[in-house]
Structures are given as structure tokens and as C-alpha cells.
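All of the numbers you see were taken from the coordinates with simple rules; none came from a lab. Everything numeric in this text was worked out from a predicted model, so none of it was measured. Cβ coordinates were reconstructed from backbone atoms using ideal geometry, including for glycine residues, and neighbour counts include every protein chain displayed.
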Amino acid sequence: MEKQLKVVKETKGYWRVIFSNPPRNQFDPWTFAELNHLMDVAEADQDLKVIVFESGNKDFFMGHHDVAKRLEVPDEPGAQPFFYKWPDFVTRLINSPIITISKVRGRAYAQGFEFALATDMIFAAKKEAKFALVEAGGGSMPGGGGIEWLTALVGRSRAIEIMLSADEYNGALGEKYGFVNRAFDDDKLDEFVDKLARRIGSFAKRSLLLGKKMINSRAKMPTNGELFQANYILRTIDDWPEANAGGQEMSDLAKKYGEDAVELTLPEMFGKKSGKNDENN
């Protein structure tokens, strides 16, 4: 199986990691295994200071879970069961000596949005980046840290809006709400993030680590217990009749419109139930 994560070592202190899992960059057990292995290698490198995560797919930064495969544990370095182990990975990113940046263009839906939130910074294309926690539209709820991160970053009311609307928020609105550091015209995004990463990568590693630790101690960071609770609840939701009905609805929509069309417009498809507010698109 071809690797999903391609590492480009721009300098000793700065790596780009390009995610590609055709056709829609879904998050699957192999994604999780490679991310765990990547962090093992990265944290063992005494020269590395910053990683920029980006996508090789212009339409998807990272999609939702591959639901059909999410209980599998592949025979690969870094493989772990997603349920019960994802909270440890998020906690690892929080405390890692590596500064992590998500450079987002395309869709970051569900697990993809939660992954971006778990990194230290998010920079996004104003129009081309599209964020959504779609779970509520399918009778479920986010269980990968989305609730915890959004509450910390944007406040209670906006976190409720984002989660319970299951709607799409572009990069510009993400910047306004506060979960995106900065949003750029698409042709300016790469240049800014590259300059920032090279700048950070040129500084002393010990000062970067101390600065991150001090900020973490003063910010409202999700605890491992909170993340574990959300992850556990997500696992139990699989037995809800509402979640089963949501899964069937997705299957019916895919048959009617085609799987690609549904995946590209998940929030819109869920909005068809009662009419969709297009104000933020």
C-alpha cells in the first residue's frame, strides 16, 4: 500500500508533510498509523522544530473517517486502535516539542477539522478552505476533540453554532470566529506559511519548547480525560437509532447523487432536510 504521508525536509528544522489518500483524503487506520510513526521519528530528531501539514488534494485537506474501516488496526508501524488512542495522539501534539501547523485549502470535514484543530496553528485559504463538523447532521457528534478545541478557541455560543449546525465555514469566517490564525487569498497562502515555518525553524529549539509549554499552562487546553470521554461517547453513539438512520441517509444520498457529489457537499446535503443558510459561503 502506498504511503499517505510524504515528508519533504525543507531544512533541518522544518519539514512539510503532504497528506494524500485518494480519492477524498479520508482518515483511515493507515492514516493514524502513519501519523503516530511520523511523530515518533520527528520527536527523535533533535534538529527538527516545526512541521507543516498540508494536502496533495486541492479539494480535500483531510476528510472524515472511513467509517467502514475505522475499527481496523493494520500491521504497520505506529498502528493503534483509533478508539481510546486518538486522545493520546491529540495530547501528544499539545505537548510535543515540535511546533505543528495546518495549512488548509480544500475541505476539512469532521475528523479532518479535528486534526487541524489539534495542531498548534491553522492558516487557511479564504475561500478554498472549508471547515465543517458534520456529525450532528448524521445523528452523531464529534468525538475527536472538536467540541473541546472549539469551546476553548471560539467560546461557547460559536462552538454550539459550528457543531449543531453541521454547516460549512470557509477560511475567512474561520479567521473571524477565531479557530483560524489567519486566512489568505489562495495564491498568498503558501508563501506566508513557508516564511513563518522557516523563521520558526531557525530559532533555538529549547526556547521554542519552553515558550510552547508556558503558553499551554496558561491556555485552556483540552485534558486527556475530556478527550477520552468524547472519544468514548462517540463509540457508544454507533448504537443509537439516530446514528444508524444517519448512516442510511448518507447511503441513500450517495445512490441518488453519486458518492463524489455527496462527499464534496456534505454540509449542503444535510441542510436539504430543512433548507440551508448559505450566508457564510
**Asked** If you place +1 on the Cβ of every Lys and Arg, -1 on the Cβ of every Asp and Glu, and leave all else neutral, what size is the dipole of the stretch 27-127 about its Cα centre, to the nearest 20 Debye?
**Response** 660
**Request:** Could you list the trypsin sites (Lys or Arg not before Pro) in the stretch 153-233 that lie in coil according to DSSP, counting only those with at most 15 other Cβ atoms within 10 Å of their Cβ?
**Result:** LYS220
**Message:** With +1 assigned to the C-beta of every Lys and Arg and -1 to the C-beta of every Asp and Glu, and no other charges, what is the dipole magnitude of the stretch 116-191 about the Cα centre in debye, to the nearest 20?
**Reply:** 300
**Prompt:** Looking at the stretch 1-158, what % of its DSSP beta bridges pair antiparallel, to the nearest 5?
**Reply:** 20
**Request:** Nearest 5 is fine: what % of DSSP beta bridges in the chain come out antiparallel, could you say?
**Result:** 25
**Request:** Express in nm, to one decimal, how much length is gained between VAL67 and LYS3 on full extension, taking 0.36 nm for each residue of separation and deducting their alpha carbon distance.
**Result:** 21.1 nm
**Neighbour count of at most 12 Cβ within 10 Å plus DSSP loop: longest GluC sites (Glu not before Pro)-free window in the chain** = 3-278
**Request:** Quote the FRET efficiency, to the nearest 0.05, computed for GLU268 versus THR236 with a Förster distance R0 of 30 Å and r equal to the Cβ-Cβ distance.
**Result:** 0.60
**Prompt:** Once amide H atoms are built 1.01 Å from N in the peptide plane, which residues 5 or more positions from SER55, or in another chain, come under 5 Å H to H?
**Reply:** PHE19, ARG105
**Message:** Kirkwood hydrodynamic radius, computed over distinct alpha-carbon pairs, for the stretch 155-281: how many Å, to one decimal?
**Reply:** 18.7
**Request:** Taking 7 Å along the Cα-to-C-beta vector as the label spot, tell me the ASP187-ASP75 distance in nanometres, rounded to one decimal.
**Result:** 5.1
**Asked** Length gain on complete extension for the stretch ASN224 to ASP260, per 0.36 nm per residue less the alpha carbon to alpha carbon distance?
**Response** 9.4 nm
**Request:** Would you mind classifying the stretch 152-208 by shape? Square roots of the alpha carbon gyration tensor eigenvalues, ordered a ≥ b ≥ c; an a/c under 1.5 is rounded, otherwise it is prolate if a/b is larger than b/c and oblate if not.
**Result:** oblate
**Request:** Indicate the gyration tensor shape class of the stretch 7-72 (rounded, prolate or oblate), computed on the Cα atoms with a ≥ b ≥ c the square roots of the eigenvalues: a/c under 1.5 is rounded; otherwise a/b larger than b/c is prolate and the rest oblate.
**Result:** oblate
**Global form of the stretch 170-234, assessed from the alpha-carbon gyration tensor, a/c cut-off 1.5** = oblate
**Prompt:** Relative contact order, percent, of the chain when contacts are C-alpha pairs under 8 Å separated by at least 6 residues?
**Reply:** 19
**Request:** Tally the DSSP beta bridges in the stretch 82-201 and give the antiparallel ones as a percent, rounded to 5.
**Result:** 15
**Fill in**
Computed on Cα atoms only, the convex hull of the stretch 1-160 has an orientation-averaged projected area in nm² of 9.4
